[in-house]
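The values are calculated or read from the model by the stated rules, or taken from the named source; none is laboratory data. Predicted model, so just to flag it, every value in this text is computed and none were measured. Counting neighbours? That spans all protein chains shown, and the Cβs are built from the backbone with ideal geometry, glycine included.
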Amino acid sequence: MPKGKAHRGRLSRPRLLVQKWGPFYVMLAPGLLFFVVFHYLPIWEAKIAFEQVRIIPPNIWVGLKHFGLLFASPVFWQVMANTLIISAMKMVFVFPVPIVVALMLNELRSGALRKVVQSAIYLPHFLSWVVISGIFIAALSPAEGVVNDLAAAMGFARHSYMTDTGAIRWVLVFSELWRSAGWDSLLYVAAILGIDSALYDAAEMDGANRWQKIRHVTLPGIVPTIATLFILNAGLFLSADFDQVFNLSNDVVRGTIDILDTYVYRIGLQTGEYSLATAAGLFKACLGMGLILAAHLFSKRLTGKGIW
């Protein structure tokens with residue numbers, strides 16, 4: 001082959017790759033930019049957890065001083081306890097529900113009904129927590145809320161759920177469930193659709209009923225997806241959803257649902273204690289990494305599936 005033609009062939013291959021994958025790279029760019037700007041670049045500034053921030057640089061190195069102040073604060077440990085309790089409640093009562101929803105959707109034989117149900121349960125995911133908090137505050141209002149109206153019609157006393165320290169955590173759980181259960185089930189539905197239909201045919205030939213197919217074919221088929229999402233949720237265990245807590249909190253229940261993220265927001269942006277807030281955030285990040293590794297090892301031992 002002439003040298004010039006070979007050279008042109010080598011140049012055309014990258015061009016063909018750009019033409020083929022270029023639109024996908026363009027679609028990927030905003031997400032990558034978000035993670036670079038808000039997740040990777042700030043890693044370097046995590047060093048201010050070990051410094052005393054000054055208006056006029058340079059900052060003063062103080063080592064572990066801010067961590068000592070953080071761990072000596074009773075408010076920090078109360079916030080930590082709130083975070084663990086709320087996250088544990090969500091893990092127990094919210095995480096399994098999308099699996100059940102996906103199994104129920106898979107059992108619907110009417111395609112039209114399935115589309116209607118999916119559209120209805122996916123919709124709350126696209127609402128912001130500002131909107132959802134307004135819906136729940138209005139629905140749980142002791143004076144005009146639909147929940148208290150129904151309770152009064154059945155002879156029960158009206159109750160102020162949004163100012164009840166015993167009920168507010170359950171409000172967080174149910175609002176999270178309403179918002180995310182339908183959308184999170186989408187991954188499990190996709191995993192179920194990926195199961196080989198020959199397995200269902202074989203189970204049917206063996207006389208298996210619907211429940212036995214779910215137990216012996218569907219559930220084992222989505223175990224890798226369950227394990228992966230469990231590990232990812234373990235990494236987010238200490239987050240407990242800042243937007244949700246921030247929008248549903250008030251002065252009466254703040255001590256009950258104040259979490260690490262709202263604590264960092266308050267001491268960092270409202271009081272200007274940047275080093276202390278960074279120390280709290282770094283402590284949370286290290287614990288999150290530890291939880292991911294622990295969840296991975298637990299999942300590998302229990303199901304044989306993990307991140308790697």
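If I filter segment 217-234 for residues that are over 27 Å from the mean Cα position of the chain (by Cα) and either closer than 30 Å to ASN59 by Cα or in a helix (DSSP H, G or I) (or both), do I get at least one hit? Yes, there is a match, as at least one residue in segment 217-234 is over 27 Å from the mean Cα position of the chain (by Cα) and either closer than 30 Å to ASN59 by Cα or in a helix (DSSP H, G or I) (or both).
The residue of segment 89-100 that is nearest to ASP258 (Cα to Cα), among those that are of a type in the set (A, V, I, L, M, F, W, C) and in contact (Cβ under 8 Å) with a residue 40 or more places away in the chain, is MET89. Considering the conditions (1) under 25 Å from LEU291 (Cα atoms); (2) surrounded by fewer than 12 Cβ atoms within 10 Å (Cβ to Cβ); (3) touching a Phe, Trp or Tyr at 6+ places or on another chain (Cβ under 9 Å), TRP61 is excluded by exactly one of them, (1). Among the conditions (1) at pLDDT below 90; (2) more than 30 Å from ALA190 (Cα to Cα), the only one that PHE298 does not satisfy is (2).
Regarding ASN209, is this residue polar (S, T, N, Q), in contact (Cβ under 8 Å) with a residue 40 or more places away in the chain, farther than 27 Å from ILE121 by Cα and surrounded by fewer than 17 Cβ atoms within 10 Å (Cβ to Cβ)?
no
Would you call THR218 at pLDDT 90 or above and within 25 Å of ARG301 (Cβ to Cβ)? It is true that THR218 is at pLDDT 90 or above and within 25 Å of ARG301 (Cβ to Cβ).
Evaluate segment 175-182: report whether one residue or more is exposed (fewer than 14 other Cβ atoms within 10 Å of the Cβ), assigned to a helix (DSSP H, G or I), modelled with pLDDT of 90 or more and of a type outside the set (Asp, Glu). Checked segment 175-182: no residue is exposed (fewer than 14 other Cβ atoms within 10 Å of the Cβ), assigned to a helix (DSSP H, G or I), modelled with pLDDT of 90 or more and of a type outside the set (Asp, Glu).
Residues of segment 184-206 that are of a type outside the set (A, V, I, L, M) and buried (at least 17 other Cβ atoms within 10 Å of the Cβ): ASP184, SER185, TYR188.
Candidates LEU64, LEU103, LEU108, LEU70: the one that is over 21 Å from SER239 (Cα atoms) and either among the basic types (Lys, Arg) or in contact (Cβ under 8 Å) with a residue 60 or more places away in the chain (or both) is LEU103.
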